[in-house]
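The block underneath contains the structure these notes are about, expressed in structure tokens.
Only the coordinates and a few stated rules stand behind these numbers; no lab work does. Since this is a predicted model, take the numbers as computed values, not measurements. Every residue, glycine among them, receives a Cβ derived from its backbone with ideal geometry; neighbour counts consider all protein chains shown.
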Amino acid sequence: MESLKRLTKQSRKTTVICSIHQPRADVFDIFDAVLILSKGGNAIYCGSTADMIGYFAKIGYECPSHANPADFFVDLSSVDVEDGPE
């Protein structure tokens with residue numbers, strides 16, 4: 001991932017798109033932007049990783065300080081909202 005990040009920095013015309021399920025926190029920190037899809041493929045977030053924690057906190061889903069944001073938001077996106085709370 002660090003090599004891919006360097007590639008994007010060397011050439012502003014290069015975009016790297018990766019599909020990664022639950023990256024480690026140190027890998028997640030490398031990302032500039034993310035797209036999180038819910039079950040069924042609906043986008044629940046598309047934007048910068050720097051803004052993501054604040055965005056979700058603002059709508060009532062605060063990521064615990066000890067949690068890996070990637071794990072927290074992937075878990076959040078996999079909740080089946082049609083079934084309601086368990």
- prompt: Could you give every pair whose Cβ atoms fall below 9 Å, whose first residue belongs to the range 38-61 and is under 15 Å from D75 (Cα atoms) and in contact (Cβ under 8 Å) with a residue 12 or more places away in the chain, and whose second residue is of a type in the set (S, T, N, Q) and surrounded by 12 or more Cβ atoms within 10 Å (Cβ to Cβ), counting only separations of at least 6 or pairs across chains?
  reply: S38/S77; K39/S77; I44/S38; I44/S77; Y45/S77
query: Is there any pair linking a residue in the range 66-77 that is surrounded by 16 or more Cβ atoms within 10 Å (Cβ to Cβ) to one that is of a type outside the set (F, W, Y) and part of a loop (DSSP other than H, G, I, E, B), with Cβ under 6 Å and at least six apart or on different chains, and which?
result: P69/C63; A70/Q22; A70/P23; F72/C63; V74/Q22
- prompt: Among the residues of the range 42-49, is any hydroxyl-bearing (S, T, Y) and assigned to a strand (DSSP E or B)?
  reply: yes
